[in-house]
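What follows is a short report on a single structure.
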Amino acid sequence: MLLKLLRNGLGNLVILISFFIPIKKIKRSDEDQKCVNDTTNEMSLYQFHACPFCLKTRRALKKLKIQVQVRDALKNPHRADLLAGGGKIKVPCLRIDSGDEITWMYESNDIINYLEQRFGEESTPCNKFNYQSSTD
Ligand SMILES: N[C@@H](CCC(=O)N[C@@H](CS)C(=O)NCC(=O)O)C(=O)O
């Protein structure tokens, strides 16, 4: 109980501090932004508000100008969906629905790496995408 309060307090402090740290957002053409928006319809981020790893992931989303559905995994039905789909309650987790397949991606660094590859400076968001995992 005390540990949970401490963790939440610390998480909220980190959120407050990060509020004052500017995010340098990516620049892309309107056409590319439209492709990004169309693609990110298929994604949702399961997260806790005061989790530092989730904050780091949310900042990456802002930097890359990506809008995904953000779902509070403390509450149902999202918590139950995360457990049923991903197999564990751990956040952040990015749910990627690519039509015939649903991927539940855990680990903030893996999620950010994936988003950087797919939507970062070097990417071509309007083309088909092949993800290169850092562990491949
Ligand atoms: N290495 C992981 C750490 C994630 C992590 O520890 N998340 C915590 C919240 S900050 C969690 O989900 N804990 C499970 C729980 O509280 O039920 C990452 O970078 O994503």
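Quick note: the coordinates plus some simple rules give every number you see, no bench work behind them. Please read these numbers as outputs of a predicted model, since none were measured by experiment. All Cβ positions, glycine included, derive from the backbone under ideal geometry; neighbour counts span all protein chains shown.
Miscellaneous remarks
- Single residue of E121, E101 found to be acidic (D, E), touching a residue at least 24 places away in the same chain (Cβ under 8 Å) and out of contact with any Pro (no Cβ under 7 Å at 6 or more places or on another chain): E121
- For segment 83-94, a tally of residues being more than 21 Å from N113 (Cα to Cα) and either of a type in the set (G, A, S) or in contact (Cβ under 8 Å) with a residue 24 or more places away in the chain (or both) returns 3.
- Qualifying positions in segment 4-20 - surrounded by 10 or more Cβ atoms within 10 Å (Cβ to Cβ) and over 21 Å from the mean Cα position of the chain (by Cα): L6, G9
- Positions within segment 34-49 being over 17 Å from F119 (Cα atoms), within 11 Å of the chain's Cα centre (by Cα) and either within 9 Å of the ligand (Cβ to nearest atom) or among the polar types (S, T, N, Q) (or both), in sequence order: Q47
- Test: P125 is touching a strand residue (DSSP E or B) at 6+ places or on another chain (Cβ under 8 Å), surrounded by 10 or more Cβ atoms within 10 Å (Cβ to Cβ) and under 22 Å from K24 (Cβ atoms): no
- For segment 50-71, a residue qualifies if it is free of Cβ contacts under 8 Å to residues at least 40 places away in the same chain and either crowded, with 16+ Cβ neighbours inside 10 Å or touching a Lys or Arg at 6+ places or on another chain (Cβ under 8 Å) (or both), and the qualifying residues are R58, K62, V68, V70, R71.
- For segment 62-99, the set of residues classified as closer than 22 Å to P22 by Cβ and assigned to a strand (DSSP E or B) consists of V70 only.
- The residues of segment 100-118 that are surrounded by 15 or more Cβ atoms within 10 Å (Cβ to Cβ) and not in a strand (DSSP E or B), listed by number, are E107, S108, D110, I111, I112, N113, Y114, L115, E116, Q117, R118.
- Set R28, R58: member being within 15 Å of the ligand (Cβ to nearest atom) and either under 30 Å from C126 (Cα atoms) or of a type in the set (A, V, I, L, M, F, W, C) (or both): R58
- Residue within segment 50-58 that is within 14 Å of the chain's Cα centre (by Cα), part of a loop (DSSP other than H, G, I, E, B) and not small (G, A, S) present: yes
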